[in-house]
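Student: This is the structure, below, for whatever I ask next.
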Amino acid sequence: MAVNLTTVRKRKRPSSISIFVVVSLALNLPLDSPMNQDSPIQKDSRPIGRKATRAKRGSTSKNDCAKFLEQIAINDTLRIEKDMKRDEAFAREKEYAHKQDMDSKDRETMVMDTSHMSRETKSFWKQERRDVMRKMIFLDDGPSNTNWLNNENH
């Protein structure tokens, strides 16, 4: 059973199925042999029609849009969390710097030499020292409205 290979060559685009048949017939193999199944020549599937292509394209775009919007939402939540962590770290750092600044001012107030100052200035710095002591003793964040420490008998 000889096959005329010139008929196959005359076609502009031989399909892989016809080549598969020609090779099978040339080697005298049955069409359903295992060698035919393991053949490196793959069968071309039938091309998708226009209607099916449009339907596939439409469903893919909807699916892609949903995935894209979902990814945007995920990215937004991650960005918001990252911004919140950065802001919290910045707030902690700012609070620490403020506390250090207040501590250094309190130390300067306590070490202030008032011997060469006028009476009014001395009384001001004495009051400031009392406020610093009040903060140290009672862990108060600001000057107290009570005046009980300002009495001379304490």
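Nothing in this text is a laboratory measurement; each read-out follows from the coordinates by a stated rule. Values in this document were obtained by computation on a predicted structure and should not be read as measured data. Methodologically, a virtual Cβ is constructed for each residue, glycine included, from the backbone with ideal geometry; neighbour enumeration extends over all protein chains shown.
Student: Along the Cα→Cβ direction, 7 angstrom out, place labels at Ala73 and Glu93. What is the inter-label distance in nm?
Tutor: 3.4
Student: Using θ = phi - 60° and the Karplus form 6.51 cos²θ - 1.76 cosθ + 1.60, what ³J(HN,Hα) does each residue of the range 102-112 get, whole Hz, x for Gly and Pro?
Tutor: 5, 4, 5, 5, 5, 4, 4, 5, 5, 8, 4
Student: Can you give the convex hull volume per residue for the Cα atoms of the range 50-111, as a whole number of Å³? Each step should come with its number before you reach the end.
Tutor: Details: hull volume 2.4 nm³, N = 62.
In the range 50-111, the Cα hull volume divided by residue count equals 39 Å³.
Student: Related question: Return the sequence-ordered ³J(HN,Hα) values of the range 70-77 in whole Hz as given by the Karplus equation 6.51 cos²θ - 1.76 cosθ + 1.60 applied to θ = phi - 60°, using x for Gly and Pro.
Tutor: 5, 5, 4, 4, 5, 4, 5, 5
Student: Working out 0.36 nm times the residue gap between Met117 and Met84, then minus their Cα-Cα distance, what length gain in nm do you get to one decimal? Before the final figure, lay out each step's value.
Tutor: Values: separation 33, 0.36 × 33 = 11.88 nm, distance 4.93 nm.
The span from Met117 to Met84 would gain 6.9 nm if fully extended.
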